[in-house]
């Protein structure tokens, strides 16, 4: 239906749904994502709104934990770029299990996702190295490896300041000089009543007491130097491996084949010890960190059971991914079958029924009759041999009676009597198949 019959609200809903569908199909094309649903909320336009609304979006995906975390950031940028005015921080990503993969709180989510991605990458890299080392002589189906890594992914910021004492330069000099002198004299006269009388003059002729003098000079000089310095700020967002724990399980049957019969336990232990050394070298084991490597020989299940299980899982995964397409194809086939069965088939039946009714009066097969199977008799003409017994099969006494059915005046009979070729042409008109069989038999008999 065109836009003439739609309201503005219906047009907006249709546009948003189309945009959500296209973005969802694009997200499904990402490796590891089987299904995706996109919900977009567009801002409402209003003249009386003070605060401007911004669009938001939420995406739900069905994928494994690792694939979902790896693709969360890419999906957020994809959706933000496809919707006008949408910021990356306004896009929320979650999986079908209800786990939040990315939201507006980018700081905490990015830190957590970064740590998980680093741990998974390190474990996957170590497992890949072990597989490359053991696969050439064991085979991929004869061992399984598992790695657990303990990492320190804390961010570090280091700031260092370095001074160069050899590059000093005088900046300022300050000199301070100070001189002081003091003198002290003490009288030796005895204390009497006369000394307290104001009118009495002091006795100047008395003895003097001890006398002391003090003199000092002080000088200070202060020099300020300028020294070159260098400040270095380093931020580290890398990781450090604290410990690695590796477990490798080897098929005991494969070890027995390598050792030979009889399988001596000492030889088996020697092979396992060599494999442990290979695993330790391939994984980069460090004894200072306390890394642990365990290699054990166990009886595996049959490879056929493992392969059948894997193939069934792959088939179910493929069916689940293409379920919508399969349903659409089956629906199309069902509709086509119904159209053919209910429409085309009755039409063909009506056409063939009309044709059969048109020739039903002259076809001997419609009456349950069949031309006789005979060859031309010796010494008889083509027309005479062909006509003998032809009318009796149709309920007539002779062939002449059959050929005289043309009209009441016998005009048809007179035309047929003009020659055997005309009679043969008439029989071909009555039953082509039977006439062809007769002619084929004539040719075979003449060739014989």
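Every read-out reported here was derived from the displayed coordinates using simple, explicitly stated rules and does not represent laboratory data. Only a predicted model underlies this, so the values are computations on that prediction, with no experimental measurement involved. Cβ placement follows ideal geometry from the backbone for every residue including glycine, while neighbour counts extend to all protein chains displayed.
Over region 8-103, the fraction of Cα-Cα pairs per 5 Å bin, rounded to whole percents and listed from the shortest bin up, is 2, 14, 25, 23, 16, 10, 6, 3, 1, 0. Normalised by the number of residues in region 24-160, the average gap of Cα pairs under 8 Å and 6 or more apart makes the relative contact order 16 percent. Residue ranges 96-104, 125-133, 335-343 sort as 125-133, 96-104, 335-343 when ordered by packing (mean number of other C-beta atoms within 10 Å per residue, highest first). Taking label points 7 Å from Cα along the Cα-to-Cβ direction, residue 226 and residue 242 give a separation of 4.9 nm.
In which sequence would 427, 42 go, from the one with the fewest C-beta neighbours within 10 Å to the one with the most? Placing the least packed residue first, the sequence is 42, 427. Working from label points 7 Å from Cα in the Cα-to-Cβ sense, the residue 120 to residue 441 distance is 8.3 nm.
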